[in-house]
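This report concerns only the one structure given below.
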Amino acid sequence: MIFAMDNELPLGLEQDDIWQGFRNLEAAITRHDGLYYGKSSPEISDWEYDQLKKKHRELLKEYPFLRTQASAADVGDDRRKGFRKVPHRIPMLSLGNTYNADELRAFVDRVCDSCGAEVSFVVEPKIDGAALSLIFENGALVCGVTRGNGSEGDDVTHNAKTIIGLPHSIERKDFPALLEVRGEVYITLADFEEINDQRQREGLDVFANARNLAAGSLKLLDPKLTHQRRLRFVAYEIGSCSREFPKHEEVLYFLEHCGIPTNVHRVAQNFADIWSAVEYYDRERRSYKFATDGAVIKVNERALRDKLGAISSAPRWAMAYKYCPERVVTRLLSIELSVGRTGIVAPVAHLEPIPICGTIVRHATLHNANEIARKDIRVGDFVVLEKAGEVIPAIVGIVPGRRPIDARPFIYPEFCPACNDSLKRLDGEVAYRCLNPNCPPQIARRLEHFASKQALDIDTLGPQRIEQLRDARLLERFSDIFRLTKAALLQLPNTKEKSANALLEAIELGKHRQLWRLLHGLGIPHVGAQTAKLLTRRWSSMEALMAAKLDELQSCEGVGNIVASSICSFFGDPANRQLIGELAALGLSMEDSIKESNSADKASFFAGKNFVITGTFRAYTREELKQRIERAGGNVKGSVSAKTHAVLVGESPGSKLADAERLGILTLDEEQVVALSGH
Ligand code: IVH
């Protein structure tokens with residue numbers, strides 16, 4: 001019997017299914033490895049290939065017994081017949097990769113947890129070419145080797161010497177006796193096009209992309225042919241070296257000073273820096289001469305790299321973040337209308353589900369009626385969908401040649417799809433609005449906005465919870481939130497003591513937010529978060545703001561005439577004045593000093609409970625916040641579990657925030673901890 005004891009295998013036939021599925025997956029990976037590495041002519045996109053590898057890793061993790069049979073290569077194999085094989089003194093590993101910002105954050109957290117404060121990172125573009133190791137002995141380029149299977153590669157020295165801009169000898173006193181430079185061989189996009197044009201003129205097959213051409217050209221047997229391919233090189237690492245470099249950034253500077261073409265890079269201290277560099281290289285990459293498909297994030301301190309080590313095929317000190325495939329084509333099944341908090345009725349495209357970058361996309365925004373008409377988008381069309389970074393996908397156009405004969409133009413309705421009130425276009429606006437303030441989806445969206453992170457930030461009071469509370473007739477107006485009782489919550493389906501308590505505590509915290517948050521949450525037309533902040537800087541209490549005259553509001557910096565009259569008419573409405581009165585009576589802070597709870601509350605909030613801290617903070621260090629919690633009787637733990645009472649979240653939080661969200665645990669910010677723990 002092959003099955004080990006440590007798996008949780010389903011019984012019977014399913015075992016065979018798993019085996020069979022795994023074998024098929026391995027066969028597919030092996031085939032695509034051969035096409036990619038061996039023949040330099042892949043049939044599937046990198047993204048699809050990465051998904052196969054991801055599935056392979058997941059199966060091995062879930063069913064450890066499969067490991068006995070696993071054969072798919074971890075790093076691929078680009079060795080070819082006809083070349084001398086050269087062992088790598090230090091293995092040429094592959095890189096772990098992700099398309100997901102949270103997974104990158106988890107990598108950064110892992111590294112920081114293992115290395116402590118002294119770690120920094122270097123972020124570089126990930127060049128989409130072929131890996132090459134160049135050995136310099138006493139300043140002379142003596143050998144060029146492909147990655148091969150990671151342990152040994154093909155000797156391609158004769159081809160490496162044709163690389164444009166690569167020095168064959170370096171005369172510097174400080175040049176190490178032995179230096180192995182690792183980097184990527186590429187062909188510029190301009191050269192690629194020219195080479196393909198020429199091949200087309202000669203009736204030859206064209207190359208699918210610049211990477212395949214570079215990889216293929218590096219492994220030609222005749223260096224004269226390779227020379228015609230105009231290969232170039234960018235260095236991004238060193239392998240064996242007879243000199244110590246404490247930091248990776250120093251390696252890059254040194255190589256650059258030696259005249260070796262070197263990758264651009266940015267040094268980053270934390271996740272926020274890393275992410276901004278990743279986004280920067282995503283914006284810049286269109287202007288590069290070579291193709292890039294992501295960014296590589298590496299530990300800067302070389303001693304820490306040694307400490308972190310490697311798993312079978314990839315180092316623990318580096319990770320590739322790969323950019324999404326940006327555009328895909330799918331079919332527009334229908335256009336539905338969604339009513340927003342301000343009554344705008346926006347068209348939403350319902351699509352034939354399609355994966356972009358790891359998430360299945362089913363909906364996309366169509367903006368407004370004018371946009372649909374301008375792009376002549378019809379139900380049934382094949383549409384081009386674009387997803388840049390993490391933003392909501394948008395339809396950028398249609399594929400005219402694939403329009404079905406029965407594709408129908410979209411006719412905007414005259415009535416609100418939710419409440420049947422007639423739709424209006426206000427002067428100067430492209431959007432249609434439902435002007436009925438009691439329209440049910442508008443109420444739901446207003447409540448969602450009021451409780452959202454951008455407003456009162458009431459943790460766990462999200463769209464689903466709001467819908468559930470509205471179905472139970474417990475929630476209709478903002479003030480109802482603060483009338484919720486534990487007894488009422490416990491009547492709701494799937495609501496246990498713990499989640500009821502968490503919600504009530506979050507509501508309690510929501511009462512004491514800064515005034516701009518409440519003001520923003522009220523949803524006064526034209527008053528966004530920025531305007532709310534400007535207003536509360538000048539009027540630090542709701543009472544004072546409500547008493548402000550139109551001309552006073554107009555004279556406030558950043559508040560124009562439209563905003564000022566919108567505020568006046570909002571507070572002039574008796575129903576709104578009554579709402580504010582109710583909220584004040586229910587205990588919401590109506591002025592900008594964080595109310596301090598009395599010491600008994602403070603003691604009971606922290607006493608005997610467990611807290612976790614993640615991210616960086618503005619006014620206090622982590623240690624200071626830890627001490628505050630401990631002085632108030634709380635315990636600070638390193639990881640989030642079901643026993644955690646609340647997580648203190650700063651800027652650039654780590655995976656602990658995701659853990660808290662997953663477990664429905666309360667989150668606090670710095671101000672709240674300070675207010676609740678007293679001075
Ligand atoms: S560092 C231990 N940095 O991507 C691996 N690799 O998919 C160290 N690549 O094998 C590699 N740009 O061929 C590194 N800036 C960069 C890179 C880069 C492209 C390639 C490299 C690597 C592959 C992994």
Quickly work out the GLU118-to-GLN454 label distance, labels modelled 7 Å from Cα along the C-beta direction, and quote it in nm with one decimal. 4.4 nm
Quick one: of LYS496/LYS643; LYS453/LYS656; LYS511/LYS549, which pairs are farther than 23 Å apart, Cα to Cα? LYS511/LYS549
Run the numbers for GLU352 and ALA28: contour at 0.36 nm per residue of separation, minus the present Cα-Cα distance, in nm. 114.0 nm
I'd like to know which of PHE271, TYR288, ILE238 lies farthest towards the positive end of the charge dipole of segment 172-317, counting +1 on Cβ of Lys and Arg and -1 on Cβ of Asp and Glu. ILE238
Counting Lys and Arg as +1 and Asp and Glu as -1, what is the net charge of the other residues whose Cβ lies under 10 Å from the Cβ of ILE195? -1
Evaluate the Kirkwood expression for the hydrodynamic radius of the chain, namely the inverse of the mean inverse distance over all pairs of different C-alpha atoms, and round to one decimal in Å. 29.7 Å
Separation between the LYS533 and ALA619 pseudo-spin-labels, each 7 Å from Cα along Cα→Cβ, expressed in nm? 1.6 nm
Give the angle, between 0 and 90 degrees and rounded to the nearest 10, that separates the Cα long axis of helix 561-572 from the longest principal axis of the Cα atoms of the chain. 40 degrees
Taking the dipole of the chain about the Cα centre (Lys, Arg +1; Asp, Glu -1; charges at Cβ), the one of ALA547, TYR37, MET319 that reaches farthest to the positive side is TYR37
Dipole magnitude of the chain about its Cα centre (Cβ charges: Lys, Arg +1; Asp, Glu -1), debye to nearest 20: 280 debye
So which aspartates and glutamates pass the test for LYS247, namely a Cα distance under 17 Å, with those fewer than 8 places away in the same chain ruled out? GLU118, GLU124, ASP174, GLU180, GLU237, GLU256, GLU301, ASP306
Cut-off 13 Å between beta-carbons: net charge of the residues surrounding ILE405, Lys and Arg +1, Asp and Glu -1: +2
Grab the DSSP H runs of the chain that are 4 residues or longer, score each as -39,500 (n - 2.57), total them, divide by all residues and round the 222 nm result to the nearest 500 deg cm²/dmol. -11000 deg cm²/dmol
May I ask for the longest run of the chain untouched by GluC sites (Glu not before Pro) that are loop-located per DSSP and have at most 16 neighbouring C-beta atoms (other than their own) within 10 Å? 44-170
15 Å beta-carbon shell around LEU503, net charge (K/R +1, D/E -1): -2
Taking only Cα atoms, what is the 0 to 90° angle, nearest 10, from helix 529-538's long axis to the longest principal axis of the chain? 50 degrees
Using r as the Cβ-Cβ distance of GLU193 and ASP376, and R0 as 35 Å, what FRET efficiency do you calculate, to the nearest 0.05? 0.65
Percent RCO, i.e. relative contact order, over the chain, from Cα pairs under 8 Å lying at least 6 residues apart: 9 percent
Specify the angular offset, from 0 to 90 degrees and rounded to the nearest 10, of the alpha carbon long axis of helix 46-62 from the longest principal axis of the alpha carbons in the chain. 80 degrees
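All of the numbers you see were taken from the coordinates with simple rules; none came from a lab. Nothing here was measured: the structure is a model prediction, and the numbers come from that model. Quick reminder, even Gly has a Cβ in these numbers, built from the backbone with ideal geometry, and neighbours come from all protein chains shown.
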